[in-house]
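Working notes for the structure below.
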Amino acid sequence: MRGSPHSRAQRATRAPRARMAHALVVLIVLVATVPFLDKAFHIDDDAYLRIARQILKDPLHPYGFSWTVGGESFHVFDHHRSPPLFNYVLAVGLRGFGESELVLHSLSSLFTAALAWSAYALGARFSSHPLRVTVLVVLNPLVLPGQNVMLDVPMLALGMAALAFHVHAIDRASRPLALTGGILAGLAVVTKYPAILVLVVIVIYSAVRRSRLWLPALLAACVPIGAWCVQNLVTEGTLHAVHQLSRPAEFGEGFGVRAMALLAILGSGFVPFLAGVRLGVRAAWHLAALGFSLLAAAAWVVLHQPILSIAWPRALEAGAFLALGELVVLLAIGRVSSRSTPGRVDDAFLLAWLVLGLVAGTAAPFVAVRHVLWAVPPAALVLMRTCPQAGPESAWQGVLVGCVALLGMGVAAADRELANLERDEVNELRLEVAHVTAGVYYSGEHGFAYYCSKLGIRPLLAGADLPARSVLVVSPRTAQTLPRALERRLMLWETIDRSGRIPFSTVSYGVNFYATGVTDLPWHIGQPARPSVSVYVVRPVAAMERSEASGRPGITR
């Protein structure tokens, strides 16, 4: 039976809107990826590229080699904490195009596109503003700096795609969609272990919707996970995940301090939105939210520091970022887009996902931005469920979403600038050490180590006794770990110092982006990056002894 003229008119109206929405999702992906395609390899990119090279040599043994970290040699299976799926993707790029930043970042951009599609699909299901949800997730300052060749965005993209398929599978009672979502969830887990959270979220959503489709989803997820486990048992005789869990913890802070730090980090990803004046919210509700935030901020500061040494600027800063508590208050009092039973069920599911994402971060080896990523999508969805569909309130919320995106672009641009400055420093070393015949060595990690290796510079091994007149180039972050006996023989020759222009700092400049302390926030405004590399000449032992006898110091920093 043919549809009525009214229904045909509705479909004719919806089709152009859908095409426009899809075009805007593509635009969001381009904004999130194109400016960062030439970004230098950064942070842990070097580790994943090493594994990709090993895969090209021996595809069935991705961790069957050793590498040098911090001057010591480690077997990768024992040392590396994550499974290797994404490294196989990198290996395909290496096979076809070599180690090109442009090509490998383009490969990573495919996962950003998948993340955007998934955020849009879930935004359409749980809110009336799917494009805003997509912006809050993809252009978030906690996500956007991850445009590199690390595992975080691929893991999040695969996990979000799994959830999108599973949600639609239950809504449509479709077993094939549930199986597809399960396979994607398994692939997310063998990309990075924290994606195991996706399986829990799948079970929670199935439970609140009283569906049994969680069972085929979990069975499908076991296929890629099982294949990785079989590879472990055949090649190493033990399970990689179990082996990593047996390693000692790297943190000493209690659960409460870590939870507050992670909450502060998450709030910092939405701070323009949370700090904005809320239109259409009763004063009593807003005061309740403010009170909740201030109490959480005070608890966070007191837990971390003795009461007499509280730094009030830090307390105010924590209070601003812990305004995420406003979401909890708004949900608790029913300030949501729907008061129907299905609406309340969805509220409960999203809040459970949000809390689970934060709690899971407390089990990570250390406090870091990337350990909060699983809480970013539900936070974005909850925010948009408190936003009206139309009117001046909706327009104002759209402006605040745009502010979050601008903040994300600023932080990501600063991270790109820092990575490129470090690459430029190492390239300048090419001219400084070209005439050295006694040997050139480096001490440092991450992108610095990658580009030094590309120049043929060798890593400094623990306990090494470097020959006289050789040269050692040192990243400031590792300068304090040099062996004392070697340090006494070093004489400063050159310092290559560069300063950025973008007034944001990430990583180890002011505050850390990829690994933070419990008092740090993931970015800081007003302090551009200023990396430097020190170049030392190794003196003969006799010259060192004469220098010490005359009272002149050796190493100079």
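The values are calculated or read from the model by the stated rules, or taken from the named source; none is laboratory data. Since the model is a prediction, treat every value here as computed from it, not as a measurement. Because the Cβ atoms are built from the backbone with ideal geometry, glycine has one as well, and the counts that use them run over all protein chains shown. Only protein heavy atoms, including side chains, enter the accessible area calculation; ligands, DNA and RNA are left aside. Shrake-Rupley method; radii C 1.70, N 1.55, O 1.52, S 1.80 Å.
Got a number for carbon plus sulfur as a percent of region 97-178's accessible area, 1.4 Å probe?
Looking at region 97-178 in its full context, I get 67 percent from C and S.
Treat each spin label as a single point 7 Å out from the Cα along the C-beta direction, and report the Thr68 to Glu428 distance in nm.
2.4
Starting at the first residue of region 16-28, write each ³J(HN,Hα) from the Karplus equation 6.51 cos²θ - 1.76 cosθ + 1.60 with θ = phi - 60°, in whole Hz, x for Gly and Pro.
Working through the residues one at a time gives x, 5, 5, 5, 5, 4, 5, 5, 5, 5, 4, 5, 4 Hz.
Could you check how much of the accessible area of region 205-248 is carbon and sulfur, as a whole percent, using a 1.4 Å probe?
After summing per-atom areas, the C and S share lands at 68 percent.
Given the C-alpha centroids of region 403-457 and region 26-86, what is the distance between them in whole angstrom?
With region 403-457 and region 26-86 each reduced to a Cα centre, they are spaced 16 Å.
Considering only protein heavy atoms, what per residue accessible area in square angstrom results for region 361-458 with a 1.4 angstrom probe?
33
Considering only protein heavy atoms, what is the solvent-accessible area of Thr238 at a probe of 1.4 Å, reported in Å² to the nearest 10?
For Thr238, solvent-accessible area is about 50 Å².
How large is ³J(HN,Hα), in whole Hz, for each residue of region 126-143 in order, when computed from phi with the Karplus curve 6.51 cos²θ - 1.76 cosθ + 1.60 and θ = phi - 60°, using x for Gly and Pro?
10, 8, 9, 9, x, 5, 5, 4, 4, 5, 4, 8, 6, 9, 5, x, 8, 10
Using the Karplus curve 6.51 cos²θ - 1.76 cosθ + 1.60 with θ = phi - 60°, what ³J(HN,Hα) values do you get for each residue of region 237-245, in whole Hz, with x for Gly and Pro?
Rounded to whole hertz, the list is x, 8, 7, 4, 4, 5, 4, 6, 5.
Check which residues have an amide H placed less than 5 Å from Phe65's amide H, if you skip close sequence neighbours.
Placed amide hydrogens put Val76, Phe77 under 5 Å from Phe65.
Counting only protein chains, not ligands or nucleic acids, how are Arg489, Arg50 ordered by accessible area (probe 1.4 Å), most first?
Arg50, Arg489
Given a 1.4 angstrom probe, I'd like the percentage of the accessible area of region 16-83 that is carbon and sulfur, rounded to a whole number.
On region 16-83, the fraction of accessible area on carbon and sulfur atoms equals 65 percent.
Which order do the peptides 168-176, 525-533 come out in when sorted by mean C-beta neighbours inside 10 angstrom, highest first?
Listed from highest to lowest mean packing, they are 525-533, 168-176.
Mind checking the dipole of region 64-169: about its Cα centre, +1 per Lys or Arg Cβ, -1 per Asp or Glu Cβ, Debye to the nearest 20?
Around 440 debye, computed over region 64-169.
Measuring from label point to label point, each 7 Å out along Cα→Cβ, what is the Gln389 to Leu102 span in nm?
Result for the modelled spin labels: 4.6 nm.
Compute the distance in nm between two label points, each set 7 Å from the Cα along the Cα-to-Cβ direction, one at Ala173 and one at Val436.
That separation, rounded to one decimal, is 7.2 nm.
Under the rule of at least 5 residues apart or a separate chain, name every residue whose amide H is placed under 5 Å from the amide H of Trp493.
Sorted by chain and number, the residues that satisfy this are Val535, Tyr536, Val537.
Could you pull out every residue, at least 5 positions away or on a different chain, whose amide H is within less than 5 Å of the one on Ala40? Hs are placed 1.01 Å off N in the peptide plane, and Pro or chain starts have none.
Answer set, sorted by chain and number: Asn420.
Rounded to the nearest 10 Å², what accessible area does Glu72 have for a 1.4 Å probe in the complete protein model?
100
Accessible area of Arg370, 1.4 Å probe, to the nearest 10 Å²?
40
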